[in-house]
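So the structure is just underneath, and the comments pick up after that.
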Amino acid sequence: MATKEEIVDRPAVTAYEPGSVFKIFSVATFLDAGVISESETFYCDGHYERKLPSGETIRINCLEHHGLLTARDALKYSCNDALAQMSDKITTEGFLNGIRRLGFGSRTGIELPSETPGKIKDPDDDTWSARTKPTMSIGQELTVSALQMVEAATALANGGRPMQITCISKITDRDGNIEYVHRPQAKEQVLSPLTAKRILSYMETTAQSGTGSRAKIGDISIGVKTGTAQMADTINGGYSDTDFLSNCIAA
């Protein structure tokens, strides 16, 4: 008999911080808004640092000193510094609107009970700070569901139009007569076809020679993005230095 924990529908009801996997959607938002270009470079010296008018300095560490990176390189090496720098180029409203258009912060509408909408902060939230936008750009200080991540990824694979996800293929009556057959349903355009194509290309580079190279499958063309999100430290606050959530998304 299954335990209570084993019957939890985690993809639908669990909200979690996705970490670096979310970077593909951040970069898609930046590109689509026109605040960065394909050829633009960002210098990673191992950390993102910005001094506020108050004199306070905010800092986000990166795992390496990556040097000059394009957006493609930033995803290939999963560079926190470059992503944070990109986030400075877009307004808070523009960034939040972009990721919300991709479905984050809203239920997908799949035919499952108790689906979580996740949590996308607003600037008037008590926990919003000067580091929130750059931190969100690397997949922290926001929560998503696994189903949201899947549906948002369909926008990349479908020319900028996400597909309504479903767990129903068809419905039949007790005699086997078909009463309903699912037909794919595309939602409204949320990214330009060019942006979607570029992000898929960046993900392919990540699979060929970046952090996702272990996901390669022979000579099959595949695009991936990996993530290793720090988990919240529920005892001391902040993020744990020892507990991580590893995940990978592929298209």
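Here are a few things to note about the model shown:
Residue by residue, here is whether (1) of a type in the set (A, V, I, L, M, F, W, C); (2) surrounded by fewer than 14 Cβ atoms within 10 Å (Cβ to Cβ) holds:
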residue: Ala15; (1), (2): yes, no
residue: Ser20; (1), (2): no, no
residue: Gly55; (1), (2): no, yes
residue: His65; (1), (2): no, yes
residue: Ala74; (1), (2): yes, no
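- Screening Glu5 with (1) farther than 20 Å from Gln148 by Cα; (2) open to solvent by 20 Å² or more (accessible area, probe 1.4 Å); (3) not in a loop (DSSP other than H, G, I, E, B) gives one miss only, at (3).
- Each residue in the stretch 173-204 was checked for being within 13 Å of Arg72 (Cβ to Cβ) and open to solvent by 90 Å² or more (accessible area, probe 1.4 Å), and 1 pass.
- Selection of the stretch 205-251 for residues being part of a helix (DSSP H, G or I) and open to solvent by 60 Å² or more (accessible area, probe 1.4 Å) yields Gln208, Ser209, Arg214.
- Failed criterion for Leu83 (all others in (1) part of a loop (DSSP other than H, G, I, E, B); (2) open to solvent by less than 30 Å² (accessible area, probe 1.4 Å); (3) more than 19 Å from Leu245 (Cα to Cα) hold): (1)
- Residues that are farther than 28 Å from Arg101 by Cα and either surrounded by 11 or more Cβ atoms within 10 Å (Cβ to Cβ) or at pLDDT below 95 (or both) do occur in the stretch 33-44.
- The sole residue among Tyr43, Tyr48 that is touching a residue at least 60 places away in the same chain (Cβ under 8 Å) and not in a helix (DSSP H, G or I) is Tyr48.
- Annotation note: Cβ proximity below 7 Å between a residue of the stretch 53-74 that is free of Cβ contacts under 8 Å to residues at least 24 places away in the same chain and more than 16 Å from Val27 (Cβ to Cβ) and a residue that is open to solvent by less than 20 Å² (accessible area, probe 1.4 Å) and part of a helix (DSSP H, G or I) (sequence gap 6+ or interchain) occurs for no pair.
- Those residues of the stretch 106-130 which are closer than 23 Å to Leu191 by Cβ, assigned to a loop (DSSP other than H, G, I, E, B) and in contact with a strand residue (DSSP E or B) (Cβ under 7 Å, 6 or more places away or on another chain), in sequence order: Gly118
- Given (1) among the β-branched types (Val, Ile, Thr); (2) over 25 Å from Tyr239 (Cβ atoms); (3) crowded, with 20+ Cβ neighbours inside 10 Å; (4) touching a residue at least 60 places away in the same chain (Cβ under 8 Å), number of the condition Ile138 does not satisfy: (2)
- Scanning the stretch 90-105 for residues that are free of Cβ contacts under 8 Å to residues at least 24 places away in the same chain and farther than 21 Å from Arg161 by Cβ gives Thr91, Glu93.
The values are calculated or read from the model by the stated rules, or taken from the named source; none is laboratory data. All of these numbers come straight from a predicted model, not from anything done at the bench. Virtual Cβ from ideal backbone geometry, glycine too; neighbours counted across all protein chains shown. Remember, those area values only see protein heavy atoms, side chains included, never the ligands or the DNA or RNA. Shrake-Rupley method; radii C 1.70, N 1.55, O 1.52, S 1.80 Å.
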